[in-house]
Amino acid sequence: MEKILAGLNEAQKEAAQHIDGPLLILAGAGSGKTKTITTRLAYLISLGIDPSSILTLTFTNKAAKEMRDRALGMIEETLHPPLLCTFHKFGLLFLKFYIDRLGRSNNFNIIDTDDKKRILKSFKSDLPLSLIASEISKYKNSLITPTEAIESARLPNFKKIADLYQKYEAYLLENNLVDFDDLLALTYQILDQDQDLCHQISQKYRYIMIDEFQDTNELQNMLVRKLCSTHDNICVVGDDDQSIYGWRGANVKNILEFPKAFDNVKMIKLEKNYRSTKKILEAANNLIEHNRSRLGKRLEATLEEGKDIEVLALGDEQEEASTVAKRIAKLIDQGVDPSQIAVLFRINALSRALEEAFNKAGINFKLVGAIRFYERAEVKDIISYFRILTNPEDEFSFKRIINKPKRGVGKATYEKLEAQAKAKNRSILQMLYELDPGELETIVGKKSASTLAKFVQDLRDLSKKSQEGLYNFIDEFERTIGLRRYYEAMPDGYERIANIDEFYGLFRDYIKQNPQNSLEEFLADISLQSDQDQLGGNAVSIMSVHASKGLEFEHLFVIGLEEGFFPLTGDGTDMEEERRLGYVAITRAKKELTLTYTKSRFYKGRRAQLEKSRFLNEAGLLQGSVKIEKSKTFKKGDLVRHKLFGVGRVVGVSRAGKEYKLTINFGGQMRDILSSFVERA
């Protein structure tokens, strides 16, 4: 037993040795979270607790495998190993045993995202497939049936989606299929309607551990509560300061409100950081303390003071990218392993200037968790339109854009056009340019002929305008084709629009610098940039902050620290989640951290003057950014001290302007006190 606990610090040891009752392990970045939870699993087994009564749920198969290997490596082989898997794997195993409770056979097949989209496509809707798939997923994770969705839909598009949801569910039932969301939704449905089975499953898994609890959504949280319905031996591990997936359904309230969800919750904070230098942690701590909705902890450095964090003020994105590229080239020349260098950004569109600068400098890089700028679908669409305008014989590009945005030109219509064009020995577009309206109607029918005639006229007009001059061409192109409007409706519309705007900005800048150049010359130049071969060997990583979670690098650059880029600002922005993203970004750095901001950048398709990010000021690195007062966060149950009334317990918390009003029980005397007038006892 001592061998199992060896190497843990006091807080880790306390967490690993906690056996019965609810436990929240609040694990800061780089604080040995995985080591603690795997040691706790091995410790429980070493006490003689039946391994098959322990259930540990994670979010990725990789995390599950790593934890399983580490935990089982600490103990002797066991006949019945503990179940350690992802939420969805647990749902699959459960449904194989119990889906018959819903009157369904357990020989169901699981469909993936592509299968789901193919099924939805067969219903021939004019709405974007990704939007339909995303909304259906939201319905399922909110446990909303097709009937309820139809009854609650108010807007025309959502009425259409609700009808498609009903058709989709009928198709799945008829073919005995389940999708990814069903693995949890159906599992919950069975446990909710069969109390005896719920009791039985809860008794089977007497000890439950949940990793990355801050990333759970509402359905996962409800499922966990079902699994704990007969006991409260639940241990959740996570970091409220690293909850960054609200956009995909994760609910930070699950971890924030865990202390209230069960009685007598023990909370242990892992605050010793084994990854980053003291100066890096100081900036991270300063930044995150501006968030009000947090349980509160402060990372403590176990490493040296370290180098100062560098903040670079640069003119524009070209200067930013070339400066970062030069510094990285210098590091590599000094013998630094490229795999220990990374560049992070908040918005994927910012990768374009970096990609070009790295290509010019001959730096081998990999774009992690994203597609290279010129390979992104929305960028390829624009390039395909440009190619068609310069070369009507480009069949490959024409096929890509004939139905983007949607024009009702399906596969059958396209095949008719293709056959007719072959017979005339013409490309489809050349043929369409030559056909009169009556001939076109004969080939594709009246409705499609009308749509195609307008499309062809639009291409004629744009081709003519591109030859007259390119300075205002992009405005005319967007007004005529409307790709921004088309992509705006999609679930990831913000990122796609940012990429379109980045491309439009790139085009305007190119024309400004090369006013005599043609559309063909522009296409030739960008093809040289986009077709560069990747070099072999170790590579520098460039990625979004979201993609960096769980990773660490010796030398880290975070670019684009301007208001509107990092943090994102505007309607629907969750500033506390933006700040948590900043905290995640900073805590990826081990030894050296460089932050950059530019005075101007292409923004929404035009060059704009920008303000540096408020986060630079909040982290204590610069003066003059937008400033928000630090908050003292308190929650119900906290013990606090007042200089006159002494020690009391917080029984209520409410907002009062920039701070909080606390209702405090001072030995039976209730008083309302502002949070700035008390301190933790």
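The residues of the chain present an accessible area of 47 Å² per residue when probed at 1.4 Å with all protein chains retained.
Only helical DSSP H runs with n ≥ 4 go in: add -39500 (n - 2.57) per run for the chain, normalise by residue count and round the 222 nm mean residue ellipticity to 500 deg cm²/dmol.
Theoretical 222 nm ellipticity from helices: -14000 deg cm²/dmol.
Spin-label pair Thr480-Glu300: with each label point 7 Å from Cα along the Cα-Cβ axis, the two points sit 6.7 nm from one another.
Here's how it looks for Ile210: its modeled amide H is under 5 Å from those of Leu57, Cys235, Val236, Val237, which are all 5 or more places away or on a different chain. The long axis of helix 87-98 is offset from the longest Cα principal axis of the chain by roughly 80 degrees. Gyration tensor analysis over the Cα atoms of segment 270-357 returns equivalent ellipsoid semi-axes of 29, 19, 12 Å (largest first, whole Å). Average projection, convex hull of the Cα set of the chain: 36.2 square nanometres. For segment 15-91, the spread of Cα positions along the three principal axes, ordered from largest to smallest, is 35, 28, 23 Å. Once neighbouring chains are kept in place and the probe is 1.4 Å, which whole percent of the accessible area of segment 324-380 is contributed by carbon and sulfur? On segment 324-380, the fraction of accessible area on carbon and sulfur atoms equals 49 percent.
Distance check, please: which entries in Lys3/Lys278; Lys117/Lys167; Lys3/Lys89 exceed 23 angstrom between their Cα atoms? Mind dumping the intermediate values first?
Details: Lys3/Lys278 30 Å; Lys117/Lys167 13 Å; Lys3/Lys89 32 Å.
Those over the limit are Lys3/Lys278; Lys3/Lys89.
Restricting the calculation to Cα atoms, segment 317-389 shows an Rg/Rh of 1.05 when the hydrodynamic-style radius is the Kirkwood one. Compute the angle between helix 278-288 and the longest alpha-carbon principal axis of the chain, please, reported from 0 to 90 degrees and rounded to the nearest 10. So the helix axis and the longest Cα principal axis differ by about 80 degrees. Measuring r between the beta carbons of Lys454 and Ala412 and using R0 = 22 Å, the FRET efficiency lands at 0.65.
Relative protection proxy for 486-499, 93-106, from highest mean packing down: 486-499, 93-106 (other beta-carbon atoms within 10 angstrom). For segment 34-54 versus segment 326-376, the spacing of their alpha-carbon centroids is 42 Å.
Sort 463-473, 572-582, 65-75 by the packing proxy (mean of other Cβ within 10 Å over each peptide's residues), most packed first.
On the way: 463-473: 14.3, 572-582: 19.4, 65-75: 16.5.
Going by the mean number of other Cβ atoms within 10 Å, highest first, we get 572-582, 65-75, 463-473.
For segment 120-271, the alpha carbon positions stretch 53, 37, 24 Å along the principal axes, listed from largest to smallest.
Grab the eigenvalues of the alpha-carbon gyration tensor for segment 221-340, scale each by 5, take roots, and send me the semi-axes largest first in whole angstrom.
The three semi-axes for segment 221-340 are 39, 18, 15 Å.
What does the charge dipole of the chain about its Cα centre add up to, to the nearest 20 debye, if the Cβ of each Lys and Arg holds +1 and the Cβ of each Asp and Glu holds -1?
Using only the charged Cβ atoms, the result is roughly 1100 debye.
Which of the peptides 253-260, 110-117 is most tightly packed, and how do the rest follow, going by the mean number of other Cβ atoms within 10 Å of each residue? Numbers along the way, then the final one.
Details: 253-260: 18.8, 110-117: 13.9.
Result, highest mean Cβ count within 10 Å first: 253-260, 110-117.
The values are calculated or read from the model by the stated rules, or taken from the named source; none is laboratory data. Quick caveat: nothing in here was measured; it's all calculated off a predicted structure. Neighbour counts are summed over all protein chains in view; Cβ atoms, including those assigned to glycine, are modelled from backbone coordinates with ideal geometry. Please note that ligands, DNA and RNA were not included when accessible areas were found on the heavy atoms of the full protein model with its side chains. Shrake-Rupley method; radii C 1.70, N 1.55, O 1.52, S 1.80 Å.
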